[in-house]
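The values are calculated or read from the model by the stated rules, or taken from the named source; none is laboratory data. Since we're looking at a predicted model, the values are computed, not measured. Counting neighbours? That spans all protein chains shown, and the Cβs are built from the backbone with ideal geometry, glycine included. We work out accessible area using only protein heavy atoms, side chains counted, and drop any ligands, DNA or RNA first. Shrake-Rupley method; radii C 1.70, N 1.55, O 1.52, S 1.80 Å.
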Amino acid sequence: MEIRSIRGMNDILPEDSILWKHVRDTMHRVLARYGFREILIPVLEETRLFQRGIGETTDIVEKEMYTFEDRSGQSLTLRPEATASIVRAYVQHHLYTSGKVEKFYFWGPMFRYERPQKGRYRQFYQIDVEAFGSNDPSLDTDVIASLYDFLAALRVPGVTIEINSLGCPKCRPGYHQALKAYFSDKQVKLCPDCKSRLVRNPLRILDCKVETCHALAMNAPNIHEFLCDTCKTHFRGVRGYLEDLRIPTRLNPMMVRGLDYYVQTTFEAVSENLGAQNAVAGGGRYDGLVRQLGGPDIPGIGYAMGMERLVMILKEAGEEPMEWPCDLFIATLGKDARRFGITLAAKIRKTGKVCEFSYEPKSLKALMKLANRLNARFTAIIGEDEMREQKIVLRNMETREQVTLPMDDSLPEMIVVSLDNADDSRSTQRPPFPSSFPEKSSR
Ligand code: ATP
Ligand code: MG
C-alpha cells in the first residue's frame, strides 16, 4: 500500500524549492546587513518552555501543540514557534553578558495542530528574527526596517506594515478593565471563544475573526487612550524613526497579536493577496520574556514570517516560475565519448558552472530532448565522429547556434568563455518577479 505524507505536512518539491532558496538567499543577504547572525535551535524542547514562554491562554498552548512523552516519560513538544527557544538559548548560554545588543535569525519548520487549509498547515516554515538588549525605539525601528527591506528585496507586492502598541504591565490592566466593562453587557453576542477570552484575556477579543465579535470590537475602547507616558513616548519614537526612514506603516489599534508575551510595539506585514490568512509576518516587543524564562531583566523584540504564505504571494505575482540553473549538458554518444565527457564535466564544475551529464545511452535526438528537459543553456555534443576528429560541438539551446571547439587542454576554458559571452535570455540573472512593492531606492 502506498504511504502518504501526514495531513497538513507538505513536501516542497524542487520546482517550488528553487523559489524557497531564493527567499532564503535574500534572507541571509538582507539580515546580515543589520548585523543579525544565524542561530540554530532544536526541533524539540521541554513542553514547559512553551507553556511558560508562549502563555497558557494562547491558541498555541491551549490547542495547537504536538506534545508527547519520550521513552523516559519526559514531556516534549515539537516547537510551534522559535522565540521561546531562542530566548532559552540566550539565557542558557549567558549571551546577555556579551555587552552588545544580540541579534539573531533562524529558519526552520514549526509544528501546530491546526485545521489545514490554504496558508495554514501543521508543519510550516518560519523565518524568525530576534533582538535582545535594548528598549530603545531605534531597535524596534531596525527590526521593523529589516522586515520591510526583506520584503522589498523580494519585491513582494501589495504589502502593508501595520503597527500598534499594546502598552505595558503598568498601563494594560486599565485597558483590560475598560474592555471588560465594554464587552460585559454584550456577552451574549460573543462567540464561545470570546466569552472565555473576556474573563482570561479580553485583549484577544479584538483579534477575533468571527464577524459578530469583529463588529462589536470596532467600537471598543481604543488602547491609545490608555497608554502610560512611557509607552506613549516609546511608540511616538518608533513611529517617528519609521517616518524618517520612509517606511510606510498603518496604525491598527485593533492588532493585538495572539501571544501573551507582547508589550509596547507590535506589528504585522499583511498582504492584500492572501485572503483570509492575510498575515505574512508578525512580531512585537517582549520585554518581560527573558526574565520569565529564568534570565535577567532584558528587553527583546522580534518577528516571525511564514514561508508558505510568502512564497504563495510571490508565485501569484510572478511572471514565470524560477528554474534550477543548468549551464551545460554534456551529451555523449558511445563509450569513448562518455569517458571523455565525464572528465570534461568534472572540469566544468570546478569552474563553478552547473553541468549535467548524459548518464543513460540515448540517440542524438533523445539527448537533445533531454537537454531541454534539463533546462540546459548549452549542450556539448560528443559523438563518435567528434572523438575521431578531436573536437566537440557546443550548441546554444536557445539561439541554436553551434560552434566547434578543439579537444585540447584549453577546452574547458573555451566552453566557459562561450557560456559567459552568450546573449541568450538566461545569460544574465533576470529578476524573477515584477516590482510593485516600494523600491529600496526610494529610501
Ligand atoms: P494566524 O493569525 O494566521 O494564525 P499567528 O498569529 O498564529 O497567525 P504567528 O504565530 O505570529 O502567527 O506566526 C507568524 C507567521 O507564521 C504568520 O504570520 C504566518 O505567516 C505564519 N503561520 C502561522 N501559523 C501558520 C500555519 N499554521 N501555517 C502556515 N503558516 C503559518
Ligand atoms: Mg495562529
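What to note about this one:
- Residue selection: LEU31 satisfies the criterion of being in contact with a Ser or Thr (Cβ under 7 Å, 6 or more places away or on another chain) and buried (at least 20 other Cβ atoms within 10 Å of the Cβ).
- Matching entry among ARG388, ARG349, ARG377 (being open to solvent by 30 Å² or more (accessible area, probe 1.4 Å) and within 16 Å of PHE329 (Cβ to Cβ)): ARG349
- When ASP409 is tested against (1) closer than 17 Å to ALA346 by Cβ; (2) surrounded by 12 or more Cβ atoms within 10 Å (Cβ to Cβ); (3) of a type outside the set (Ser, Thr, Tyr), exactly one condition is not met: (2).
- Complete set of residues in segment 112-138 that are near ligand 1 (Cβ under 9 Å from one of its atoms), more than 14 Å from the chain's Cα centre (by Cα) and either of a type in the set (A, V, I, L, M, F, W, C) or not assigned by TED's automatic domain parsing to the domain that holds CYS231 (or both): none
- Count - residues of segment 143-174 that are closer than 16 Å to THR265 by Cα and open to solvent by less than 10 Å² (accessible area, probe 1.4 Å): 12
- Taking the listed residues GLU69, GLU81, GLU64, the one that is among the acidic types (Asp, Glu), more than 16 Å from ligand 2 (Cβ to nearest atom) and assigned by TED's automatic domain parsing to the domain that holds GLY302 is GLU69, with no other qualifying.
- Enumeration of residues in segment 7-42 that are part of a loop (DSSP other than H, G, I, E, B) and within 19 Å of GLY302 (Cβ to Cβ): TYR34, GLY35, PHE36, ILE39, LEU40, ILE41, PRO42
- Among (1) closer than 19 Å to PHE267 by Cα; (2) of a type outside the set (Ser, Thr, Tyr); (3) part of a strand (DSSP E or B), the one test that ILE330 misses: (1)
- For segment 272-286, the tally of residues that are within 16 Å of ligand 2 (Cβ to nearest atom) and crowded, with 24+ Cβ neighbours inside 10 Å stands at 4.
- Yes/no for VAL101 being in contact with a helix residue (DSSP H, G or I) (Cβ under 8 Å, 6 or more places away or on another chain), open to solvent by less than 40 Å² (accessible area, probe 1.4 Å) and away from ligand 2 (no atom under 16 Å from the Cβ): no
- Test: residue in segment 51-73 that is in contact with a Gly (Cβ under 8 Å, 6 or more places away or on another chain) and not in a helix (DSSP H, G or I): yes
- Listing of strands (runs of 3 or more DSSP E) fully contained in segment 216-286 that carry 2 or more residues being of a type in the set (Ser, Thr, Tyr): 263-271
- For segment 287-318, the candidate set comprises residues that are part of a strand (DSSP E or B) and away from ligand 2 (no atom under 16 Å from the Cβ); within that set, the residue that is farthest from VAL143 (Cα to Cα) is GLY300.
- Every pair of residues 6+ apart whose Cβ atoms lie under 6 Å, when the first sits in segment 263-283 and is within 18 Å of LEU251 (Cβ to Cβ) while the second is among the acidic types (Asp, Glu) and open to solvent by less than 10 Å² (accessible area, probe 1.4 Å): THR265/ASP140
- Residues of segment 175-213 that turn out to be closer than 30 Å to VAL238 by Cα, free of Cβ contacts under 8 Å to residues at least 60 places away in the same chain and surrounded by fewer than 16 Cβ atoms within 10 Å (Cβ to Cβ), as a count: 3
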